[in-house]
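Written out below as structure tokens is the structure these notes cover.
The values are calculated or read from the model by the stated rules, or taken from the named source; none is laboratory data. Note that this is a predicted model, so its numbers are computed, not measured. Note that each Cβ is placed from the backbone with ideal geometry, even for glycine, and that neighbours are counted across all protein chains shown.
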Amino acid sequence: MTTEDRQMWEMEKTEKEKEEGQFRVVVFEDNTFAAVPVKWINVESNTCAWPNHLTIKQFGNALLSAATAPSSWKSYELKEVKTTRYSKFILY
């Protein structure tokens, strides 16, 4: 993530956004991407928590409920956090 992107992200990030279940598209270091709840993103460490041991149904529920990531989830380095906010997420 560039310094400019990080500064923009910091300016837009608020506690209210986290409480409202906002989503962001993140790009991981291996160039894969995902829409994730803002609560899963750690700006300070530039990482995203990711559930590595859930069933598909459990994962979908965690994603759609924008649940806070438990400490047991692994964190992955981020290459980029898109600045567009999404208030809804549709799981196909």
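Restricting attention to the stretch 38-55 and to residues that are touching a Leu at 6+ places or on another chain (Cβ under 7 Å) and assigned to a strand (DSSP E or B), the residue that is farthest from P70 (Cα to Cα) turns out to be T47. Reported count of residues in the stretch 45-70, each being modelled with pLDDT of 90 or more and either touching a Ser or Thr at 6+ places or on another chain (Cβ under 9 Å) or small (G, A, S) (or both), is 5.
For beta carbons closer than 9 Å, sequence separation of 6+ or different chains, a first residue in the stretch 65-78 that is closer than 11 Å to K39 by Cβ and a second that is at pLDDT below 90 and of a type in the set (D, E), the qualifying pairs are A66/E20. E19: at pLDDT below 70 and among the acidic types (D, E), yes or no? Here the answer is yes, as E19 does meet what is asked. Selection within the stretch 71-92: residues that are outside any strand (DSSP E or B), at pLDDT 85 or above and among the polar types (S, T, N, Q). The member of this set that is surrounded by the most Cβ atoms within 10 Å (Cβ to Cβ) is S72.
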